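The values are calculated or read from the model by the stated rules, or taken from the named source; none is laboratory data. Computed from a prediction, not measured in an experiment: that's the story for all the values here. Methodologically, a virtual Cβ is constructed for each residue, glycine included, from the backbone with ideal geometry; neighbour enumeration extends over all protein chains shown. Keep in mind that these areas ignore ligands, DNA and RNA; they rest on the heavy atoms of the full protein, side chains included. Shrake-Rupley method; radii C 1.70, N 1.55, O 1.52, S 1.80 Å.
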Amino acid sequence: MILIADSGSTKIDWCVIDDGKVVRQIFTCGMNALLLTQEEMELRIADELAPKVADLAIDEVYYYGAGCVDADVCENVRQAIAKSIKAKIIEVHTDLLAAARALCGHKAGIACILGTGSNSCFYDGNDIIDNVSPLGYILGDEGSGAVLGKHLVGDVLKCQLPKDLCEKFLQQYELDRLTIIRRVYREPQPNRFLASLTRFLLENMEEPAIHRLVLNEFKSFFIRNIANYPDYKTYPINFVGSIAYYYKDVLKEAADAVDCTIGTIIQSPMEGLVKYHSI
């Protein structure tokens, strides 16, 4: 049996497959491997996961997770899993590789994440061979929920949107200038706060100013990230993540504007990962 994990900071989706069929799906609290010690991860896995798979003979584990940015961090996660799951193979990889394998399978292509943050890579059918650094929502993360939210509140507070839209936004979210500044500059995880505001963009996409904001940000994603990959125009650009999924119409419009071709768009990578590890 194979155990696959799609791990974010908020939750982990665990899926057990046998002969290509899903036999069990489990949800546990999320883990960001950069923010937790190996011991903390060991405890979470032992408490939340191990009892739910104790009756299964797990032979292989493939964990794809937030914060798995280098070999040392991945090894910490691998050892934390090995404490509770006695599998012959335990591999730990980035969430970007999860996106690539879910979207492209065993074929070469360009895979992207558009969620709270953004990322992209060129994938050879098994591994990532090129990656334009996303740089985070302050320096990069074009097209992400955090950056869309950042532009939205900036335009509201600097009166760059029609007055009625600015008032509607502030009333709907019960915000004012000082509250926004406090949430962004003084409280933890401002990227999540900013991303949480993007629902307003989706609800008001018929407004020209809102449509323009989102379209320009997606065009920026293609120009500043995708255009850096050699021969990018010869490959379809594939996406996973809530922003890509819910804003797919504007994303396709942006791709057309910069002469890119959209391929697959999915909200979550698990279905694609199950297929990848079943072949």
- Identify all residues within the stretch 70-93 that are touching a strand residue (DSSP E or B) at 6+ places or on another chain (Cβ under 7 Å) and closer than 21 Å to residue 130 by Cα; write none if there are none. 74, 91, 92, 93
- Item | Residue list for the stretch 117-169, filter: free of Cβ contacts under 8 Å to residues at least 60 places away in the same chain, within 15 Å of residue 210 (Cα to Cα) and not charged (D, E, K, R) | 149, 153, 154, 156, 157, 159, 160, 161, 162, 165, 166, 169
- Select from the stretch 185-201 the residues that are in contact with a helix residue (DSSP H, G or I) (Cβ under 6 Å, 6 or more places away or on another chain) and over 18 Å from residue 139 (Cβ atoms) and list them in ascending order. 193, 197, 198, 200, 201
- Can you tell me how many residues in the stretch 88-115 are out of contact with any helix residue (DSSP H, G or I) (no Cβ under 8 Å at 6 or more places or on another chain) and in contact (Cβ under 8 Å) with a residue 40 or more places away in the chain? 4
- Query: Within the stretch 141-161, can you find the residues that are assigned to a helix (DSSP H, G or I), out of contact with any Lys or Arg (no Cβ under 7 Å at 6 or more places or on another chain) and farther than 21 Å from residue 219 by Cβ?
  - Reply: 156
- Query: Does residue 16 qualify as being open to solvent by less than 10 Å² (accessible area, probe 1.4 Å), more than 21 Å from residue 94 (Cβ to Cβ) and at pLDDT 90 or above?
  - Reply: yes
- Answer yes or no as to whether residue 233 is touching an Asp or Glu at 6+ places or on another chain (Cβ under 7 Å) and open to solvent by 50 Å² or more (accessible area, probe 1.4 Å). yes
- Item | Cβ-Cβ under 6 Å pairs, at least 6 apart or on other chains, the stretch 28-39 side at negative phi and open to solvent by less than 40 Å² (accessible area, probe 1.4 Å), far side assigned to a loop (DSSP other than H, G, I, E, B) and modelled with pLDDT of 85 or more | 33/68
- Considering (1) open to solvent by 60 Å² or more (accessible area, probe 1.4 Å); (2) in contact with a Gly (Cβ under 7 Å, 6 or more places away or on another chain); (3) among the small types (Gly, Ala, Ser), say which one residue 257 fails and leave the rest. (2)
- Task: Under 6 Å between Cβ atoms, at least 6 apart or on separate chains: pull out the pairs that start in the stretch 1-24 with a residue that is farther than 14 Å from residue 63 by Cα and end on any residue that is open to solvent by 30 Å² or more (accessible area, probe 1.4 Å) and among the basic types (Lys, Arg).
- Result: none
- Looking at (1) modelled with pLDDT of 95 or more; (2) within 13 Å of the chain's Cα centre (by Cα), which is the only condition residue 60 fails? (2)
- Task: May I ask you to list the residues in the stretch 96-154 that are open to solvent by 10 Å² or more (accessible area, probe 1.4 Å), in contact with a Ser or Thr (Cβ under 7 Å, 6 or more places away or on another chain) and at positive phi?
- Result: 141
- Message: Tell me the residue from 52, 88, 83 that is open to solvent by 70 Å² or more (accessible area, probe 1.4 Å) and within 25 Å of residue 279 (Cβ to Cβ), please.
- Response: 88
